[in-house]
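Visitor: Take this structure first; my questions come after.
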Amino acid sequence: MTAVARRGAAAWFRVVPMPRMLSLAAIGLLIVATAHQMAGVPSMTGSGLVGAALRLAVPIGLAALGALWSERAGVANLGLEGMMILGTWSAAWVGVAHGVWPGVVAGAVGGALGGLLHAVATVTFGVDQVISGVAINLLAPGLVRYLSTVNWSNLPQAGSTQSPPVRGAIGSFTVPVLAGGRVGEWDSPDLLGAVERGDLFMLSEMAGLLRGVVADVSWFTLLAVVLFAGTWLVLWRTPFGLRLRFIGENPAAADSLGVAVYRVKYVAVVISGALAGLGGAFLVTVASGLYREGQTAGRGYLGLAAMIFGNWRVGGTATGSLLFGYSDALQLRESGAVRGLILLTGLALLVLAGGLLLRGRYRASLSSLGVGVAGIVLFGLVDRVPPQLVYATPYAVTLVVLVVSARRLKMPAANGIPYRRREVDR
């Protein structure tokens, strides 16, 4: 191993405390397995549920990644929803005529145009960043409704609120041996599937979790993973990323050192819009195969919440996106899955109460214990979760997560604050 590789590995283990993560994962699997075996709730790590959660997390995650780029450069981006809408329409417009992958590129371009509009308004003209973002969210639906009426009103299977089907499909892959599939002319064994169906304590839960991320995975999902890894490398391992994060903390100091503050802000906000547009393109090319009005369904706002939950860091942003995607997948299942989530939350809070007690945090331990017991009691009293609560699960989880994580958040110091070079010249 070279010296550079050794330093890279050492840096990785400093950033990601592996023993702690493995311990938390083992405790989580133990809680899930206990709930599944003893309380009879549906498996919360089944491969079908995990696969659905991964698919639902991709558009949220791409919007969250876009928010990360923009806000690390000091520009608050509340226009992610509108940029996603522009991405959906652009992807459908090009995808209908030229195929699915050109549609993906067009979705990124459409979102980038929304990002450029936000950059012009906020960076060049100093418009309030919240007002600019809200304006984009309000203008985008009306614009795409007009464009849909002009382009698709007279076409079969289309109209002012829906496009024709996109040509082609993104496709997916399955890892042979682990999750089945075919290798040439031969059917591959499905080792993880066999373990998952075996109903083995903890092993089946682990197998279902792993199979969900290696079976029938869209190539677009793999692209999203690459974009997350690339963002981490660029923002935290390159001089450009250092300059961008420096601008988000103190643009005046960066300007005094010769950093092109306006240019970097423009680049960051345009990339932010492109990533949000890619999230919209995923909804068109993978999730549905066509454009429908309102199909973003607030995912831009969920992406912003996932980025805040992730404390403006790549790993936390990915975790938040997966959490919201998982809660969204739960509400697509029967109400028993949401009821199981209540039990799991109660059990997890009991474990958390024990950990806080060992660390001497008695008041927090008592609060966690009380809420955990309340969750378990609620699980015992409720046989069926009302449909309204099932549908609201992703948004309820978003609110709870943000409230719980609010105390540890530390956003970039200059985020949302307009910057003018003349203020330095004075």
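Visitor: Can you tell me how many residues within region 345-364 are within 30 Å of the chain's Cα centre (by Cα) and either in contact (Cβ under 8 Å) with a residue 12 or more places away in the chain or farther than 25 Å from A305 by Cβ (or both)?
Guide: Of the residues in that region, 11 qualify.
Visitor: Mind checking which residues of region 230-263 are closer than 23 Å to L80 by Cβ, open to solvent by 10 Å² or more (accessible area, probe 1.4 Å) and in contact (Cβ under 8 Å) with a residue 60 or more places away in the chain?
Guide: Result: W232, W236, R245, E249, P251, Y262.
Visitor: Oh, and also: Assess whether F201 counts as being within 29 Å of the chain's Cα centre (by Cα) and aromatic (F, W, Y).
Guide: no
Visitor: Criterion first (small (G, A, S) and under 28 Å from L68 (Cβ atoms)) does A318 satisfy it?
Guide: Yes; evaluated as a whole, the condition is true for this residue.
Visitor: Looking at G325, G315, G294, which is the one that is among the small types (G, A, S), exposed (fewer than 15 other Cβ atoms within 10 Å of the Cβ) and closer than 30 Å to V166 by Cβ?
Guide: Matching residue, one of G325, G315, G294: G294.
Visitor: Report yes if some residue within region 205-218 is without any contact (Cβ under 8 Å) to a residue 12 or more places away in the chain and surrounded by 15 or more Cβ atoms within 10 Å (Cβ to Cβ); otherwise report no.
Guide: No; the residues of region 205-218 include none that is without any contact (Cβ under 8 Å) to a residue 12 or more places away in the chain and surrounded by 15 or more Cβ atoms within 10 Å (Cβ to Cβ).
Visitor: Filtering region 165-204 down to residues that are polar (S, T, N, Q) and open to solvent by less than 40 Å² (accessible area, probe 1.4 Å), which residue is nearest to V105 (Cα to Cα)?
Guide: Only one residue tops the list, namely S188.
Visitor: Right, another one. Only one of these is open to solvent by 30 Å² or more (accessible area, probe 1.4 Å), modelled with pLDDT of 90 or more and either within 16 Å of the chain's Cα centre (by Cα) or among the hydrophobic types (A, V, I, L, M, F, W, C) (or both): L54, L68, L30. Name it.
Guide: None of the other options fit; the residue is L54.
Visitor: Being modelled with pLDDT of 85 or more and surrounded by 15 or more Cβ atoms within 10 Å (Cβ to Cβ) is the filter here; which residues of region 396-422 pass it?
Guide: Scanning region 396-422 gives M411, P412, A414, N415, G416, P418, Y419.
Visitor: Restricted to region 113-164, and to residues that are among the aromatic types (F, W, Y) and assigned to a helix (DSSP H, G or I), which residue is most open to solvent (accessible area, probe 1.4 Å)?
Guide: Of everything passing the filter in region 113-164, Y146 is most open to solvent (accessible area, probe 1.4 Å).
Visitor: Based on what the data block shows, is G346 in contact with a Leu (Cβ under 9 Å, 6 or more places away or on another chain), within 26 Å of L369 (Cα to Cα) and not charged (D, E, K, R)?
Guide: Criteria met by G346.
Visitor: Still on this model: Hey, can you tell me all the residues within region 266-283 that are closer than 15 Å to Q129 by Cβ and open to solvent by less than 10 Å² (accessible area, probe 1.4 Å)?
Guide: Result: A268, V269, S272, G273.
Visitor: It is to be established whether one or more residues within region 375-395 are at pLDDT 85 or above, of a type in the set (F, W, Y) and either within 23 Å of the chain's Cα centre (by Cα) or surrounded by 22 or more Cβ atoms within 10 Å (Cβ to Cβ) (or both).
Guide: no
The values are calculated or read from the model by the stated rules, or taken from the named source; none is laboratory data. Treat the numbers as computed from the prediction; the structure is a model and nothing was measured. Positions of Cβ are generated from backbone atoms using ideal geometry, with glycine treated the same way; all protein chains shown enter the neighbour counts. All accessible areas refer to the heavy atoms of the entire protein, side chains included, with ligands and DNA or RNA removed. Shrake-Rupley method; radii C 1.70, N 1.55, O 1.52, S 1.80 Å.
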